[in-house]
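One structure below.
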Amino acid sequence: MNWKNTAENLGIVIVSALLGAGIGYFASTYSNKQSIELFTPTLLEAIKKETVKNEIDNKISIGKIKKSDSINIVLSPQNNQEPINNIAKSNCVDISGLSDSRKRRVYRWLKK
């Protein structure tokens, strides 16, 4: 075994590995920066569309706390926000194959 050739080959392998790692690191960071620049306007626009301003104002009243075991906290909302559940009710579904009890449920639901 020739130690001179072995050391030379080992040096070539180490230099090649370091050079490859450096090029890979540079390429990945550059592509990440380009992706961020490319997608930033799209993401900001999507966030603006999906962001809903939701303000809930609560009136918090806490009575005097004395030497008692219980504390009463009353939270009352300042605005009358109720969830909006719009379900389109239509008679386009064929319910002839349902049992009588299920048909009654459907008819009761349609009357609401």
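Each reported figure results from applying straightforward, stated rules to the coordinates on display, with no laboratory input. Quick caveat, the model's predicted, so the values are computed rather than measured. In this analysis, Cβ positions are derived from the backbone assuming ideal geometry, glycine residues included, and neighbour counts consider all displayed protein chains.
The modelled label-to-label distance between Ala46 and Ile23, using points 7 Å beyond Cα along the C-beta direction, is 3.4 nm.
Expected output is a single nm value to one decimal: the length gained when fully extending between Leu10 and Ser99, i.e. 0.36 nm times separation in residues minus the C-alpha distance. What is it?
23.9 nm
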